[in-house]
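*Asks:* Starting off with a structure, shown below.
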Amino acid sequence: MKEKTSRSVLGIVIPVAVAAIGLVPYRAYRSDLPDRIASHFGVSGRADGSMTPEVFLVIVGALMAIGLGACVTMGVTRRRFQPMVAPSVSAVGAFFGSVSAGILAITAISQRGLEQWQDATLSPWAVIALIIGSVALAGLAAWIASSLPHQRQAGTDAAPPAIALSPGERVFWSATLSARWPLVLGLAILLVGLALLLITELWIGLVMLGISILMTFFGRIRVTADRSGLSVRYGVLGWPRRSIPIRRIAAARAVDIRPTEWGGWGYRGSLAIMRRAAVVLRAGPGIRLDLRDGKVFAVTIDDPEDPVRLLNAEISRHAAPNPASGRESIF
């Protein structure tokens with residue numbers, strides 16, 4: 001997508017369309033709403049809180065303006081940000097802007113004609129549709145923003161020389177990296193989940209407990225490189241797994257990975273949506289893969305020079321037929 005088109009869609013089309021989805025139904029049905037409208041619902045879908053339509057519009061409208069304002073800012077700003085900034089900010093802004101607009105529309109449509117706000121109910125299907133639609137719009141905004149010009153990351157100009165591989169030789173490299181912050185964060189979420197089990201709805205506590213368990217999977221990664229490409233496995237079970245086939249890699253580089261350049265720690269970005277993704281457990285050395293379709297994948301790992309040289313060697317001979325047998329080496 002051309003830069004001018006991307007900026008127009010991100011800065012004008014998406015904000016105007018989302019604002020219209022929320023404001024048009026609300027303005028159309030404003031006179032049919034009760035004096036106080038339901039603004040909060042319990043797990044059962046019954047209303048348990050209210051406010052005046054004017055206050056409701058100001059609060060939800062302000063949240064919508066902030067979210068859509070983030071999209072507009074990314075669309076009109078000519079400054080070159082770090083590669084992950086524009087997609088991330090645009091995605092978050094589009095999501096919250098869409099959720100706010102959906103709340104306005106759902107409130108106006110579902111509560112028109114009611115005499116009392118206590119009679120209002122919230123359909124779970126409306127909530128599901130709102131979340132799905134908002135996530136889809138966030139992905140679209142991130143994908144559009146990924147095509148905007150960005151700052152070039154330092155230390156990615158030259159790839160190290162490939163190792164010398166004899167015909168038929170197969171080399172395998174593997175290393176692990178552990179970090180404490182996912183375990184600490186998982187423990188904190190676990191404690192919060194246990195507390196919520198005692199003082200609030202059961203399902204909320206169970207969700208928090210599930211999240212705490214998932215966090216343990218991201219405290220340790222195992223990175224492997226061989227003639228098939230690069231693979232990243234999570235946790236002691238080696239799942240989930242992220243693989244980049246050698247046929248997709250144009251070049252491998254040893255780089256200094258800074259979390260601020262990739263949007264933070266953990267699995268950041270998306271190859272499908274943002275065209276960039278990284279597994280960041282800490283700041284420091286890592287592997288950067290420039291893919292043939294222009295996308296970028298990176299992972300933090302100690303001593304990345306050997307796997308980078310191995311991958312570059314396999315890239316250079318990828319087109320050649322593989323021999324039926326050969327000797328094997330391990331780094």
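*Asks:* Place +1 on the Cβ of every Lys and Arg and -1 on the Cβ of every Asp and Glu in the range 1-96, take the dipole about the Cα centre, and give the residue among Phe96, Val18, Met74 whose Cα lies farthest towards its positive end.
*Replies:* Met74
*Asks:* What trypsin sites (Lys or Arg not before Pro) does the range 50-122 have in DSSP loop regions with at most 13 other beta carbons within 10 Å?
*Replies:* Taking the range 50-122 and a limit of 13 other Cβ atoms within 10 Å, the loop trypsin sites (Lys or Arg not before Pro) found are Arg78, Arg79, Arg80.
*Asks:* Next up: Hey, what number do you get for the chain at 222 nm if only DSSP H runs of n ≥ 4 count, each worth -39500 (n - 2.57), divided across all residues, to the nearest 500?
*Replies:* One gets -14500 deg cm²/dmol as the mean residue ellipticity at 222 nm.
*Asks:* Same structure, new question: Determine the dipole magnitude for the chain: charges of +1 sit on the beta-carbon of Lys and Arg, -1 on that of Asp and Glu, nothing else is charged, the reference point is the Cα centre, and the result goes in debye to the nearest 20.
*Replies:* 1040
*Asks:* Same structure, new question: Each residue of the range 99-112 in turn: what ³J(HN,Hα) in whole Hz from Karplus with 6.51, -1.76, 1.60 and θ = phi - 60°, glycine and Pro shown as x?
*Replies:* Whole-Hz 3J(HN,Hα) from phi for the range 99-112: 4, 5, 5, x, 4, 4, 5, 4, 4, 5, 6, 7, 10, 5.
*Asks:* Collect residues whose amide H, placed 1.01 Å from N in the peptide plane, falls under 5 Å from the amide H of Phe41; neighbours closer than 5 in sequence don't count.
*Replies:* Asp48
*Asks:* Using a 1.4 Å probe over the heavy atoms of the protein chains, calculate the carbon and sulfur portion of the accessible area of the range 3-145 as a whole percent.
*Replies:* Answer for the range 3-145 is 67 percent, counting heavy atoms of protein chains only.
*Asks:* Round to the nearest 10 and give me the degree value, 0 to 90, for the angle of helix 305-316's Cα axis relative to the longest principal axis of the chain.
*Replies:* Between the helix axis and the principal axis of the chain, the angle is about 80 degrees.
*Asks:* I would also like to ask the following. Go through the range 180-189 residue by residue and turn each phi into a ³J(HN,Hα) via Karplus (6.51, -1.76, 1.60, θ = phi - 60°); whole Hz please, and just put x for glycine and proline.
*Replies:* Result, rounded to whole Hz: 8, 4, x, 5, 5, 5, x, 5, 5, 5.
*Asks:* Using a 1.4 Å probe on the protein chains only, how many percent of the accessible area of the range 210-255 belongs to carbon and sulfur?
*Replies:* Answer for the range 210-255 is 60 percent, counting heavy atoms of protein chains only.
*Asks:* Which label belongs to the value computed from this structure, given these candidates for percent of Cα pairs over 27 Å apart: (i) 48; (ii) 39; (iii) 58?
*Replies:* (iii)
*Asks:* Kindly work out what percent of the DSSP beta bridges joining two residues of the chain are antiparallel, to the nearest 5.
*Replies:* Percent antiparallel among DSSP bridges in the chain is about 85.
*Asks:* From the phi of every residue in the range 20-36, what ³J(HN,Hα) in whole Hz does the Karplus formula 6.51 cos²θ - 1.76 cosθ + 1.60 yield, where θ is phi - 60° and glycine or proline is x?
*Replies:* With the stated coefficients, the range 20-36 comes to 5, 4, x, 7, 4, x, 5, 5, 5, 9, 4, 6, 9, 7, x, 4, 10 Hz.
*Asks:* What accessible area per residue, rounded to a whole number of Å², is obtained for the chain using a probe radius of 1.4 Å?
*Replies:* Per-residue value: 52 Å².
The values are calculated or read from the model by the stated rules, or taken from the named source; none is laboratory data. It should be emphasised that the depicted structure is a prediction, and the values quoted were computed from it without experimental measurement. Here Cβ is always computed from backbone atoms with ideal geometry, including for glycine, and neighbour counts include all displayed protein chains. These accessible areas exclude ligands, DNA and RNA; they are computed on the full protein's heavy atoms, side chains included. Shrake-Rupley method; radii C 1.70, N 1.55, O 1.52, S 1.80 Å.
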